[in-house]
Amino acid sequence: MKIFGYDINFNKAENVSVNRPANSDIRKRITVPTQLYRSRQDISQWRAALTSAESIYSPQRYLLYRCYNDIVLDAHLTAAINQRKNLTLSKEFEVKVNGEEDEELCKVIKTKWFRDFLDYSLDSIFYGHSLIQFDSLVEDTFKAVELIPREYVKPEFHIVTNSYADLEGADYLENPYKNWCIGVGKDRDLGLLMKAAPLVIWKKNALGAWAEYGEVFGVPLRIGKTNVRDEETRANMEGFLKNLGTSSYGVFDTDDLIEIVDSGKSDAFQVFDMMIARCNSEISKLILGQTATMDEKSFVGSAEVQERVLKNVAYGDEFFIEGVLNYQLVPMMQRLGIFPPNTKIKVETEEELSLLEQSKLDIELIKTGKFTFSAEYLDEKYGSEVIEVMDQSSVKSIKNRLDNLYK
């Protein structure tokens, strides 16, 4: 069988190298590059961007991606996204042919390009879609994989446009691109960042208002009063106040009245702090399904329940990734002659019991009276130093023999 002029035998275990055709580089379709500038966002801008992205006939995500580009700078959102992605990225994957693990093919995916592919694929959960392009194949390994800038991709029409405003472009599901590109995510999905955006915007507004509150009421206001009309004298006083510190200052006439009204509450800062805390907790629930793994104040019992919720989220991501690998990546690898038929990529399963479950099993075995465990096993398994204690009947027998010896 020939692919791109190369003789490919799916039953061979030999290394395969295929140069990507020059006309299959879909990134070259972008002829009008545009900077995705960051700008301060508000709720009205987010709503306008959402309306534009959800248009049926002419969807445009550029404004929405500008919004995403700004909100991903939030530390809490970044930590939550990384925590969720690492649940999958920390897993080991294996290649199975006809249900049996193939060690040689496993080496193909234990490379940088595969981890990058997983990273970009998981990003589609948050951005809605990721178009990933593969470089040339050298000895069963791709030189690199790259993410096509999202503002030029119209997943609704599966095209890449010349500029972000176009509605016509190259179809990445057709030749010559389909053997070198994989689009991950649903066509009209806008990702979890669409729901996180207002939370981050409100949080930033609360932080800004808190900073302003601290600037006004946290540092004493310096006021200079004088009835002197001499400009030089007033300028000297103003210069003195200006250089005295970083807080606000003013020069007024002795008859001027300056009044700064505070709420009078000693805990007024909590208005901002609680707003920020609530936004953070909502972001954690949105991304991770719970708050315990991001909140240091969680209780032990509640944390255990929420940790199980997080595991369910991780299982869902694993199923999602296995679907991408087996229904998109594997068929492409088979067309390139890397994988034989009946190939699957799976997450390696961990069948080890927890220490609590293992200890219960060990106790039940001891209760049967037929089994015991060495001190070395207990020390290695549970990390507890074990010292052998002599049986009481043995102690009594030795005592009796000593008593008889010295009578």
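The values are calculated or read from the model by the stated rules, or taken from the named source; none is laboratory data. Note that this is a predicted model, so its numbers are computed, not measured. Here Cβ is always computed from backbone atoms with ideal geometry, including for glycine, and neighbour counts include all displayed protein chains. Calculation scope for accessible area: heavy atoms of the full protein, side chains included, ligands and nucleic acids excluded. Shrake-Rupley method; radii C 1.70, N 1.55, O 1.52, S 1.80 Å.
So for each of 320-329, 166-175, 279-288 I average, over its residues, the number of other beta carbons within 10 Å; can you give me the resulting order with the highest mean first?
Packing order, densest peptide first, comes out as 279-288, 320-329, 166-175.
For region 50-192, which semi-axes, largest first and in whole Å, follow from the square roots of 5 times the eigenvalues of its Cα gyration tensor?
29, 21, 12
Run the 1.4 Å probe and let me know the accessible area of ASP273, rounded to the nearest 10 Å².
Accessible area of ASP273: about 60 Å².
Within the set LYS154/LYS178; LYS91/LYS143; LYS154/LYS346; LYS143/LYS186; LYS195/LYS285; LYS285/LYS311, which residue pairs have Cα atoms separated by over 20 Å?
LYS91/LYS143; LYS154/LYS346; LYS143/LYS186
Suppose we keep just the alpha-carbon trace of region 13-85; what are its Rg and Dmax in angstrom?
Expressed in Å, the Cα Rg and Dmax of region 13-85 come to 18.5, 58.
For an R0 of 60 angstrom, estimate the FRET efficiency from the Cβ-Cβ distance between TYR37 and GLU357 and round to the nearest 0.05.
0.65
Per residue, how much accessible area does region 20-179 have with a 1.4 Å probe, in Å²?
Averaged over the residues of region 20-179, the accessible area is 47 Å².
Give me the distance between the Cα centres of region 30-85 and region 123-191, rounded to whole Å.
Value for the Cα centre distance between the two parts: 18 Å.
When only DSSP loop residues count, what trypsin sites (Lys or Arg not before Pro) in region 33-86 have their Cβ near at most 14 other Cβ atoms within 10 Å?
Here the trypsin sites (Lys or Arg not before Pro) that fit, given the DSSP loop and packing criteria, are ARG38, ARG40.
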